[in-house]
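The values are calculated or read from the model by the stated rules, or taken from the named source; none is laboratory data. Remember, it's a predicted structure, so these values are computed and weren't measured experimentally. Methodologically, a virtual Cβ is constructed for each residue, glycine included, from the backbone with ideal geometry; neighbour enumeration extends over all protein chains shown. Side chains are part of the model used for accessible areas, which takes the heavy atoms of the whole protein and leaves out ligands, DNA and RNA. Shrake-Rupley method; radii C 1.70, N 1.55, O 1.52, S 1.80 Å.
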Amino acid sequence: MFKNREPGHPKPRVHLALLCSILFSALLVPLTMAAPANAANALGPAYGCSVKVYTPYYHHTDRTGHKWINYRVDATCQGGRYIQVGREHWERDDGRTCVFCDRDDYQGYTQTGWYWFGSYKTIVLNEVRPLAKTDSNCCEEPYQRVRFRVYSNGVTSPWVQWEDSKYYSIPY
C-alpha cells in the first residue's frame, strides 16, 4: 500500500502520532485555561466595561448578634467612561420564578452613582448588609444579581442583562 512512498517521506505511523498529539493538545489547552471553581462570574465586556460578580461572604457579627454579609463587585473600564452598577439582593430557596414551591426571597435593590474612569482601571465596590432571617431551617443562602450601564461621549448604554452570583450558605 505504501510502496510508492517518496524517499524521506514520513511513515504512516508518524502521521498518526502527529495527528494524535495535535488532537490531544486541542482538547487539553481549553481545559487548562478554564476558570477555577470559586471564580467570580464575569459580566461583560460591554461598552468598554466589565464587571465581576462575587459570591457574598460573611463580614462580621455586630454586638447584638446579627451577622453581616459583604456583597463584592469589581468594575473595570477603559478610560473616558462612567459606570453605574445596579444590584438586587436575594436569599435562595427554590428559585425566583418557582410557582408551587418556596420562592427565593427578595432582599432589596441598590444602585451606585456614576463612577468615572479617567484611564483603564478596576475599582472594588463592597456593600455590607445585614443577613435577614428568612428560612425556618438552619441556614441562609444570600446571593446577588448585578447589572450595569455605561456613559461615554454623551451616550448612555442600556442596562446589560442581569448576572447572578453563586450563593453562600451561612448558619443563622
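Within region 45-71, being loosely packed, with under 13 Cβ neighbours inside 10 Å and polar (S, T, N, Q) holds for THR61, THR64. Within region 133-153, the set of residues being hydrophobic (A, V, I, L, M, F, W, C) and either closer than 23 Å to GLY44 by Cβ or open to solvent by 30 Å² or more (accessible area, probe 1.4 Å) (or both) comprises CYS138, VAL146, PHE148, VAL150. Does GLY79 count as surrounded by fewer than 13 Cβ atoms within 10 Å (Cβ to Cβ), of a type outside the set (D, E, K, R), touching a Ser or Thr at 6+ places or on another chain (Cβ under 6 Å) and modelled with pLDDT of 70 or more? Considered against the rule, which asks whether it is surrounded by fewer than 13 Cβ atoms within 10 Å (Cβ to Cβ), of a type outside the set (D, E, K, R), touching a Ser or Thr at 6+ places or on another chain (Cβ under 6 Å) and modelled with pLDDT of 70 or more, GLY79 comes out as yes. For THR122, all conditions in the list (1) closer than 17 Å to LYS52 by Cα; (2) surrounded by 14 or more Cβ atoms within 10 Å (Cβ to Cβ); (3) among the hydroxyl-bearing types (Ser, Thr, Tyr); (4) out of contact with any Cys (no Cβ under 8 Å at 6 or more places or on another chain) hold save one; what is the number of the exception? Going through (1) closer than 17 Å to LYS52 by Cα; (2) surrounded by 14 or more Cβ atoms within 10 Å (Cβ to Cβ); (3) among the hydroxyl-bearing types (Ser, Thr, Tyr); (4) out of contact with any Cys (no Cβ under 8 Å at 6 or more places or on another chain) one by one, THR122 breaks only (2).
Checked against (1) more than 12 Å from the chain's Cα centre (by Cα); (2) modelled with pLDDT of 95 or more; (3) closer than 29 Å to PRO130 by Cβ, LYS52 passes all but a single condition, namely (1).
All of VAL128, VAL150 fail the test of being assigned to a strand (DSSP E or B) and in contact with a Ser or Thr (Cβ under 9 Å, 6 or more places away or on another chain), apart from VAL150. Residue check: is THR156 in contact with a strand residue (DSSP E or B) (Cβ under 9 Å, 6 or more places away or on another chain), open to solvent by less than 70 Å² (accessible area, probe 1.4 Å) and more than 20 Å from HIS59 (Cα to Cα)? Criteria met by THR156. The set of residues from region 132-153 being of a type in the set (Ser, Thr, Tyr) and in contact with a strand residue (DSSP E or B) (Cβ under 8 Å, 6 or more places away or on another chain) comprises THR134, TYR143, TYR151, SER152.
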